[in-house]
Amino acid sequence: MAQVTRHGQQIWCNYHQTAECNLGDRIELLNGDEANGRAHLKGVAETVLALLKEAKYCQIPVRPIGAGWSPSPINVVEDGWLVETLRLNRTFKLSAKDLHADCDVGAESLLLVQAGATVDEVYESAEEIGRSLRTGGASNGQSFAGACATGTHGSVWQEGGIQDHVRAVQLVTPDRILWISPKKAILSDDFIAQTGSQIIRNDRIFAAAQIHVGAMGFVTAMLIETDPIYMVQNIQKAAKIKREHIDWLCRGEFRRFSAAFGLNEEPYFQQLILNPFDPFDKKSLLRFLYKRPHDASIPPPPPGQMGAGYDALTLLGRAMAESDWFKGEILQLAMEQAYPDNRDVDDPPAIATWGNTTEEHAPIASLFNGSVTMDRSKLSEAFDLIIDSFRRGGGCTVVTLRFVRQAQGLLAPAHWPDNVVIDFDGPNVESSHQGYKNVVEALDDAGIAFTRHWGKTNNLDEHRVKRDYEQNFANWKWAQAQVMPDAADRRVFANDELVKLGLI
Ligand SMILES: Cc1cc2nc3c(=O)[nH]c(=O)nc-3n(C[C@H](O)[C@H](O)[C@H](O)COP(=O)(O)OP(=O)(O)OC[C@H]3O[C@@H](n4cnc5c(N)ncnc54)[C@H](O)[C@@H]3O)c2cc1C
């Protein structure tokens with residue numbers, strides 16, 4: 001069994017101080033001393049099952065929590081139990097006998113990951129066995145279950161979200177312990193039994209569990225698929241872009257854009273941070289990552305040279321919020337000073353593994369994060385509209401353009417074949433919220449379809465979620481009812497936000 005530490009009633013605040021709640025209890029879970037991976041998974045799942053049964057009996061809502069990094073209030077619960085998972089952070093290799101005869105993935109490419117392992121811990125575990133993740137977000141402190149819950153993504157334009165790595169999910173409800181996987185079996189029946197679980201092999205239910213938003217049950221572990229280890233070369237610079245470059249990106253001409261500012265080859269990752277007050281007369285911050293074969297003899301350069309971290313923007317963001325007059329200039333100063341060392345095409349190459357492209361993060365100010373995701377081919381049409389409406393709303397955040405392929409999961413915001421994600425990151429002040437609201441209204445008025453990040457500030461409600469996800473929403477609700485047929489089980493996972501979103 002896992003160890004359970006009860007810290008009692010308290011006020012709890014999420015990582016970026018954007019939501020707080022009065023907890024009935026803060027409960028911490030720690031791994032027990034079981035002999036092997038399967039026993040650990042069984043012990044933790046049985047402990048969680050007992051907690052959920054008790055909560056259901058006492059009618060207390062439960063919120064599983066990872067790093068608490070989501071700025072949206074999906075991770076708070078009033079008068080409920082917050083169950084912390086970050087110390088359920090082990091990863092385990094599998095052997096061929098753990099896999100089903102129908103499984104077409106080699107055991108060497110699979111990793112069992114406990115829910116609370118951070119993205120950084122998973123990067124490290126994968127690299128230790130010569131493997132790598134394909135994508136991830138801008139930072140690495142999220143729990144793997146929490147990151148998948150909201151469809152965390154980066155800007156690898158040929159990949160979707162972090163949840164795309166997941167091949168099976170171990171999930172606990174107040175009634176049972178399950179392994180959910182696609183219909184084509186991956187884990188052997190013996191392995192599943194040894195982890196104390198029942199099996200659901202169903203494509204639709206699995207696609208629902210890939211982005212669970214914390215409303216499908218308590219995730220205790222995931223089976224993830226990794227790639228052979230590779231390295232990336234970082235080019236990172238401040239440069240002025242022209243309006244026509246937005247059109248290139250809209251058409252997916254990434255190589256052409258890269259040739260103009262970086263290397264004359266297809267980038268693996270590409271991101272632009274813009275000053276919305278003057279996107280073409282002031283410099284934008286460009287980052288390209290190019291895939292390279294793994295070479296263990298190359299020592300990793302300092303994190304800054306790999307472009308890891310740019311959150312110092314939030315520091316000066318507070319000053320920007322004080323005065324409209326300063327926004328453009330101060331924002332630019334903040335952008336250029338906060339950006340880690342430039343790495344231009346003529347500099348000695350900065351090359352490291354994927355895990356070295358992010359670094360640890362510390363909260364330095366209350367932060368606003370909002371984003372809209374849309375069909376990439378709408379970028380040219382939407383760009384000026386977004387910038388104009390954002391400025392009219394008095395917004396004081398930077399604007400980042402990121403690119404991702406269609407991501408897996410019924411509730412994946414990146415659900416077009418090719419997507420652009422437009423992020424608004426800055427201080428958590430009224431003008432940031434107002435600028436974002438203006439963007440959302442302007443896109444609606446222009447009839448441009450878009451979705452929003454589950455984990456960021458999003459102003460969503462059930463009506464809008466239904467409209468954005470249509471049949472996928474209905475399918476997700478159907479899947480949730482298969483996993484938890486009893487409405488009382490679903491209510492254990494209720495909090496105000498998930499009820500507002502129509503997910504509970
Ligand atoms: C500094 C920073 C950088 C970020 N960068 C990016 C980025 O580059 N790209 C991007 O897309 N997003 C980004 N985000 C958003 C972040 O990745 C998501 O909000 C992510 O969901 C946070 O993971 P977490 O472990 O903190 O989840 P939490 O906030 O702890 O939880 C998120 C949801 O998942 C549920 N949950 C957590 N664990 C479990 C579990 N074991 N079982 C069931 N439900 C669970 C919670 O109850 C909650 O509903 C960033 C956020 C911050 C603060």
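The values are calculated or read from the model by the stated rules, or taken from the named source; none is laboratory data. Note that the coordinates shown come from a computational prediction; the quantities given were computed from them, not determined experimentally. Quick reminder, even Gly has a Cβ in these numbers, built from the backbone with ideal geometry, and neighbours come from all protein chains shown. What goes into the accessible areas is simple: the full protein's heavy atoms, side chains included, and nothing from ligands, DNA or RNA. Shrake-Rupley method; radii C 1.70, N 1.55, O 1.52, S 1.80 Å.
Which three extents, in angstrom, do the Cα atoms of the range 1-160 have along their principal axes, listed largest first?
45, 38, 25
Scale the Cα Rg of the range 230-445 by the rule-of-thumb value 2.2 N^0.38 Å and send over the ratio, two decimals. It would help to have the intermediate numbers written out before the result.
Working: Rg = 17.1 Å, N = 216, 2.2 N^0.38 = 17.0 Å.
It is 1.01.
Could you derive backbone 3J(HN,Hα) for the range 156-171 from the dihedral phi with the Karplus parameters 6.51, -1.76 and 1.60 (θ = phi - 60°), listing whole Hz in sequence and x where the residue is Gly or Pro?
Coupling constants for the range 156-171: 7, 6, 9, 10, x, x, 5, 5, 5, 6, 6, 10, 6, 10, 8, 9 Hz.
Summing Lys, Arg as +1 and Asp, Glu as -1, what charge do residues with Cβ under 11 Å from the Cβ of Val440 carry, Val440 excluded?
0
What are the GluC sites (Glu not before Pro) within the range 336-397 that DSSP puts in a loop, where the Cβ has at most 16 other Cβ atoms within 10 Å?
Glu360
Long-range amide H contacts for Thr152: which residues qualify at under 5 Å (H placed 1.01 Å from N, peptide plane, sequence gap of 5 or more or a different chain)?
Excluding prolines and chain starts, which carry no amide H, the hits are Ile162, Gln163.
Roughly what % of Cα-Cα distances in the range 414-504 sit above 17 Å, to the whole percent?
Value for the range 414-504 (Cα pairs over 17 Å): 59 percent.
Hey, what's the chain come to in accessible area per residue, 1.4 Å probe, Å²? Don't skip to the end; give the middle numbers.
Working: 18620 Å² over 504 residues.
Spelled out: the 1.4 Å probe surface of the chain, per residue, equals 37 Å².
Could you compute Rg(Cα) / (2.2 N^0.38 Å) for the range 357-417, with N its residue count?
Ratio of Cα Rg to 2.2 N^0.38 Å: 1.39.
Can you grab the distance from the C-alpha centre of the range 167-197 to the C-alpha centre of the range 440-504, Å, no decimals?
Centre-to-centre distance over Cα atoms comes out at 25 Å.
Put +1 on the Cβ of every Lys and Arg and -1 on every Asp and Glu Cβ in the range 230-445; which of Phe254, Val439, Ser284 then has its Cα farthest towards the positive end of the dipole?
It is Phe254.
If the only charges are +1 at each Lys and Arg Cβ and -1 at each Asp and Glu Cβ, what is the size of the charge dipole of the chain around the Cα centre, to the nearest 20 debye? Could you put the intermediate results ahead of the total?
Working: 50 positive and 65 negative charges, 145 e Å.
Here the chain has a charge dipole of around 700 debye.
What does the charge count near Val499 come to, summing +1 for each Lys or Arg and -1 for each Asp or Glu among other residues with Cβ under 12 Å from its Cβ?
-2
Name the helices (complete DSSP H segments) of the chain with a Cα length along the long axis of 27 Å or more and a Kyte-Doolittle mean of at least -1.0, or state none.
37-58
Given H placed on each backbone N at 1.01 Å, which residues far from Ala449 in sequence or on other chains put an amide H within less than 5 Å of it?
Answer set, sorted by chain and number: none.
Please report, in debye to the nearest 20, how large the charge dipole of the range 223-292 is about its Cα centre when each Lys and Arg carries +1 at its beta carbon and each Asp and Glu carries -1 there.
Working: 12 positive and 9 negative charges, 62 e Å.
I would put it at about 300 debye.
At 222 nm, what helix-only mean residue ellipticity would the chain give, in deg cm²/dmol to the nearest 500, using -39500 (n - 2.57) for each DSSP H run of four or more?
-9000 deg cm²/dmol
What is the P(r) of the chain, as percent of Cα-Cα pairs per 10 Å bin from 0?
4, 20, 31, 27, 15, 4, 0
Give me the percent of the accessible area of the range 230-445 that comes from carbon and sulfur atoms, probe 1.4 Å, all protein chains in place.
49
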